[in-house]
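The values are calculated or read from the model by the stated rules, or taken from the named source; none is laboratory data. Note that this is a predicted model, so its numbers are computed, not measured. Glycine gets a Cβ as well: all are built from the backbone with ideal geometry, and neighbour counts include every protein chain shown.
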Amino acid sequence: MLRLLNLALIGALVLAAAWVYEIKYSSTLQAEAVARLRAEIRRERDAIAALRAEWAQLDNPDRIQILAQRHLTLKPIDATQFDPLDHLPERPIDIVPPGSADPIGALIETMVDPEVMTGSVPAREERP
């Protein structure tokens, strides 16, 4: 009986050791995955920083001014190029009265022939 109990305890210890080893192995794999992800995040942050630096260089107003002078044939604006405000066209009339609760219904009510706006096709004439 004592021998059987010893064998059962040894078996339980072996199973427990295997279980602990499996937990340690999976935790090691998880730690390696976390380290890989952290390295990837660090690389992406470095790439973002490099792209932001490049964007700041490309977006520099002095550089844009030099490129505009080199590639565009622009002339300074004269005061005569502006149009006075009295030459602006009149404001168009409102088809729908402002503040109406149902703008689509108000639009239909103001139309003379509602079938023209819907695009409906007139009925065919009977053939003889």
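Can you say whether GLU22 is surrounded by 10 or more Cβ atoms within 10 Å (Cβ to Cβ), in a helix (DSSP H, G or I) and under 25 Å from the mean Cα position of the chain (by Cα), as far as the supplied structure shows?
no
Hey, can you tell me all the residues within segment 40-91 that are part of a loop (DSSP other than H, G, I, E, B) and within 27 Å of the chain's Cα centre (by Cα)? Outline the logic, then answer.
First, the residues of segment 40-91 that are part of a loop (DSSP other than H, G, I, E, B): 59-60, 72-78, 82-84, 88-91.
The answer is ASP59, ASN60.
Before we move on, is ILE66 more than 30 Å from MET111 (Cα to Cα) and either in contact with a Cys (Cβ under 7 Å, 6 or more places away or on another chain) or surrounded by 10 or more Cβ atoms within 10 Å (Cβ to Cβ) (or both)?
Numbers: more than 30 Å from MET111 (Cα to Cα): yes; either in contact with a Cys (Cβ under 7 Å, 6 or more places away or on another chain) or surrounded by 10 or more Cβ atoms within 10 Å (Cβ to Cβ) (or both): yes.
Against the criterion (more than 30 Å from MET111 (Cα to Cα) and either in contact with a Cys (Cβ under 7 Å, 6 or more places away or on another chain) or surrounded by 10 or more Cβ atoms within 10 Å (Cβ to Cβ) (or both)), ILE66 qualifies.
Residues being among the aromatic types (Phe, Trp, Tyr) and modelled with pLDDT of 85 or more: count how many of those fall in segment 56-111.
Here is the first cut: in segment 56-111, the ones among the aromatic types (Phe, Trp, Tyr) are 82.
Now drop any that are not modelled with pLDDT of 85 or more, which leaves none.
The total comes to 0.
Kindly indicate the residue of segment 1-17 that is assigned to a helix (DSSP H, G or I) and surrounded by fewer than 10 Cβ atoms within 10 Å (Cβ to Cβ) and also modelled with the lowest pLDDT among those meeting that condition.
Within segment 1-17, the first condition is being assigned to a helix (DSSP H, G or I), and the residues that meet it are 2-17.
After this cut, where a residue has to be surrounded by fewer than 10 Cβ atoms within 10 Å (Cβ to Cβ) as well, the list is 2-5.
Numbers: LEU2: 82, ARG3: 90, LEU4: 90, LEU5: 90.
So, considering only residues that are assigned to a helix (DSSP H, G or I) and surrounded by fewer than 10 Cβ atoms within 10 Å (Cβ to Cβ), the one modelled with the lowest pLDDT is LEU2.
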